[in-house]
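Just below is one structure, and these are the notes that go with it.
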Amino acid sequence: MADISRFRFLNHLRANPTTHVRHHRNGRLVHDGPGQAFWFRPLNSALSEIPIDDREQPLLFHGRTVDFQDVAVQATVTYRVTDPALASQRIDFGIDPDHGHWRSTPLEQLGGLMTELAQQAAVDLLARMSLTQALSEGSAALRHQVGEGLREDQRLTEMGIGIVDVRVVAVRAESDVERALQTPTREMVQQAADKATYERRAMAVERERAIAENELQNQIELARREEQLVLQKGQNERQRAVEAAAAGQIQTEAQAGRQRMLSQAEADAKRVLGAAEAEAEKALLAAYQDLDQATILALAIKQGALPEIGTLNVTPDLLTPLLTRLTAQ
């Protein structure tokens with residue numbers, strides 16, 4: 001917006017570098033160009049201020065696809081005034097010489113025109129597309145179609161308007177239709193998630209089963225080894241018992257052999273002793289064989305072979321033979 005200062009009967013205008021100012025005095029062009037600064041008289045001056053910077057015009061319109069579905073298109077058109085002289089002739093960019101404000105709404109008029117032109121190009125394209133194609137491929141096609149349509153439009157060219165860029169932000173269907181279209185994809189995603197969950201659970205169950213089988217195999221192996229250990233211990237005990245029995249038998253046989261040898265030696269000694277005693281008795285008896293009874297008796301008394309005599313009774317029958325013998329000697 002131009003900055004206008006008032007000094008009695010004269011005003012001073014100072015414009016921005018991004019605005020093109022056209023000053024007509026009494027119908028004759030006096031000043032024409034961007035960033036102007038000059039004095040003028042409000043009573044005989046006509047001023048126009050045309051922005052020459054890049055402007056963005058948001059667009060929001062609806063279209064109908066070939067399958068009779070409503071589609072909302074949100075886009076942005078970037079444009080600029082390439083010929084301010086033509087633009088000022090086709091659109092009212094006149095400003096108040098006292099305050100510098102536009103007398104009308106030129107940018108709104110230009111935005112409405114661009115919206116209608118872009119909508120016409122987009123509607124023609126959407127009418128040849130299905131809803132699925134419009135939602136999946138519509139952004140690029142609409143950007144190209146709207147851009148080409150605006151650049152080739154004769155009215156914009158005659159107004160000195162150039163299209164810089166066209167951006168399609170979104171192509172949306174009605175909310176219930178969009179939810180219906182999203183349902184298969186959501187179902188597929190949910191099925192994939194459920195499948196992943198089931199596979200994860202199945203894998204967890206399989207791992208648990210493998211762990212259980214491994215533990216069972218370990219228990220079986222431990223039981224088998226324990227059985228082998230018990231068998232080995234029993235075999236060792238039997239072997240010890242057999243060895244102990246064999247050692248006892250050997251010891252018993254050795255002790256019995258020693259006992260037999262001792263008994264045999266004692267028996268041999270007793271036989272030898274008995275034989276010697278028998279020989280001695282035999283020799284003694286042979287020596288006593290020729291002795292008379294009185295001598296034997298005397299020898300017996302001498303050797304103490306007779307029993308102890310407590311009382312001795314001497315009778316005449318005993319003394320008579322003894323005295324007879326003594327007298328005979």
* Structure fact -> Note on segment 46-67: residues touching a residue at least 24 places away in the same chain (Cβ under 8 Å) and within 17 Å of ARG80 (Cβ to Cβ) are SER48, GLU49, ILE50, PRO51, ILE52, ASP53, ASP54, ARG55, GLN57, LEU59
* Structure fact -> Note on segment 100-120: residues loosely packed, with under 15 Cβ neighbours inside 10 Å and more than 60 Å from the chain's Cα centre (by Cα) are HIS101, ARG103, SER104, THR105, LEU107, GLU108, GLN109
* open to solvent by 60 Å² or more (accessible area, probe 1.4 Å), under 25 Å from LEU113 (Cα atoms) and charged (D, E, K, R) - does that describe any residue in segment 79-90? -> yes
* Picking from GLN182, GLN190, which residue would you name as being of a type outside the set (Gly, Ala, Ser), under 30 Å from HIS62 (Cβ atoms) and in a helix (DSSP H, G or I)? -> GLN182
* To do: Return yes when ASP83 is farther than 25 Å from ARG6 by Cβ, in contact with a Gly (Cβ under 8 Å, 6 or more places away or on another chain), modelled with pLDDT under 90 and charged (D, E, K, R) and no when it is not.
  => no
* Asked: Which condition breaks for GLU108 when tested against (1) farther than 30 Å from ASN11 by Cβ; (2) in a helix (DSSP H, G or I)?
  -> (1)
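From VAL146, VAL123, grab the single residue that is touching a residue at least 60 places away in the same chain (Cβ under 8 Å), under 30 Å from GLU174 (Cα atoms), open to solvent by 30 Å² or more (accessible area, probe 1.4 Å) and not in a loop (DSSP other than H, G, I, E, B). Lay out the reasoning, then the answer.
On the way: VAL146 fails: open to solvent by 30 Å² or more (accessible area, probe 1.4 Å).
Exactly one residue qualifies, and that residue is VAL123.
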* To do: Could you run through segment 2-23 and say how many residues are under 21 Å from THR82 (Cβ atoms) and either open to solvent by 20 Å² or more (accessible area, probe 1.4 Å) or touching a Pro at 6+ places or on another chain (Cβ under 8 Å) (or both)?
  => 8
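Here's the yes/no breakdown for (1) hydrophobic (A, V, I, L, M, F, W, C); (2) in contact (Cβ under 8 Å) with a residue 12 or more places away in the chain; (3) surrounded by fewer than 10 Cβ atoms within 10 Å (Cβ to Cβ):
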position: VAL171; (1), (2), (3): yes, yes, no
position: THR185; (1), (2), (3): no, no, yes
position: ALA244; (1), (2), (3): yes, no, no
position: ALA256; (1), (2), (3): yes, no, no
position: SER263; (1), (2), (3): no, no, no
position: ALA269; (1), (2), (3): yes, no, no
position: ALA276; (1), (2), (3): yes, no, no
* If PRO97 satisfies every condition in (1) farther than 30 Å from ASN26 by Cβ; (2) open to solvent by less than 20 Å² (accessible area, probe 1.4 Å) but one, which is the exception? -> (1)
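The values are calculated or read from the model by the stated rules, or taken from the named source; none is laboratory data. Being a predicted model, the structure only gives us computed values, none of them experimental. Backbone-built Cβ (ideal geometry, glycine too); neighbour counts: all protein chains shown. Surface accessibility is based on the protein's heavy atoms, side chains included, excluding ligands, DNA and RNA. Shrake-Rupley method; radii C 1.70, N 1.55, O 1.52, S 1.80 Å.
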